[in-house]
1. To the nearest 0.05, what FRET efficiency results for L195 and Y266 with a Förster distance of 51 Å applied to their C-beta separation?
2. Which one of T262, T206, T214 has the biggest mean-square fluctuation once the chain is modelled by GNM with Cα springs under 10 Å?
3. What number does the chain give for Rg over Rh if you use C-alpha atoms and the Kirkwood radius?
4. Report the gain in length on full extension from K245 to Y138: 0.36 nm times residue separation, minus Cα-Cα distance, nm rounded to one decimal.
5. Give the calculated FRET efficiency between A38 and I92 to the nearest 0.05, with a Förster radius of 41 Å applied to their Cβ-Cβ distance.
6. Which Rg and Dmax, in Å, describe the Cα atoms of the stretch 210-299?
7. Relative contact order of the stretch 117-179, please, whole-number percent, based on alpha carbon pairs below 8 angstrom and at least 6 residues apart.
8. Between Y16 and K104, take the C-beta separation as r, use R0 = 51 Å, and let me know the FRET efficiency to the nearest 0.05.
Amino acid sequence: MKAVKPQRLNKKIEPYFFLLPLILILLLFLVVPIVKAAIMSFQYYYVTKPSPAGHYFVGLKNYQSVLSDEYFFNSVKVTLIYIVVTVAGRYIVGFITALLLNTKFLGRGLARALIIIPWAVPEVVACLVWILMYDQDYGIINFLLNNAGILSQNIAYLQDPTVALPAAMVVNIWKGFPYVAIMLLAGMQSVSSDLYEAADIDGATTFQKIRYITVPSIKAVSTTVFLLLIIWTIKDYAIAYVLTKGGPSRATELLTIYIQQTGFKYFDFGKAAAAGMLMLLVSLAFTFFYFKVLNKEEG
């Protein structure tokens, strides 16, 4: 019996050795940076104006500086608008696309394969293509709208403060709607065809079948998709930065860009860390809600 106990103990410990590399990676690249940023948020960390006392403790001064900065609240406002419009836009376009891909037509398999392309293309590559399309003088968007008689003169989409944010949101919606379409399509395919056949016998219209059968049946998938889109959009950075770098006149300065500019342009890493911690708290709140909903659905 004494010889068996070490073997049982080894079997219990063995799985943790397989998890050890992942745990080390998470500690090194996730936990340590977060802890370091949290510490920096309470320190004087102005690189261009070093203090003889070093990175000394300043309490909540960095947080006060962030919360008294008008540009911070501008970035929060821009981020909220960006989240509401792009999440709604991606869901609506993705839902309509999923409905179309769920119907039978010639070439449906090819269409389902091609729809993934916008989502699969790297963000930087996609943005460079859209920059060319948005070009004021040679862009295809101005060319088509002018020929259609919609515009009387070319628009500088990425240089006009009133148009730059909607232009960035269009790119985000185009880039993200395939994911929504695929997720919702998977949910729609799990709906029993008997429900639609019964609705046809009762004389239900297409709209009524979508409203009373499709939408309720994919409610769980829709909730998950919505929460994931919000979480991902909160930390969105690349699209707005590559297109406009947060300009013009901070019109597209998302919270992530504000943090990056505060740290790597103005070198106030303490203030940038404080803003990052505030954004982290919001992200964690949505993440907690997401897992709560997910566990509820599984239960």
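Just so you know, all these numbers are worked out from the coordinates, no wet-lab data involved. The model shown is predicted, which means the values in this text are computed figures rather than measured ones. Note that each Cβ is placed from the backbone with ideal geometry, even for glycine, and that neighbours are counted across all protein chains shown.
1. About 0.30, to the nearest 0.05.
2. Taking springs between Cα atoms under 10 Å, the residue moving most is T206.
3. My calculation of the ratio gives 1.08.
4. Details: separation 107, 0.36 × 107 = 38.52 nm, distance 2.12 nm.
Roughly 36.4 nm would be gained on extension.
5. Efficiency at R0 = 41 Å is approximately 0.60.
6. In Å, with Rg to one decimal and Dmax whole: 17.4, 55.
7. In percent, rounded to a whole number, it is 38.
8. After rounding to 0.05, the efficiency reads 0.55.
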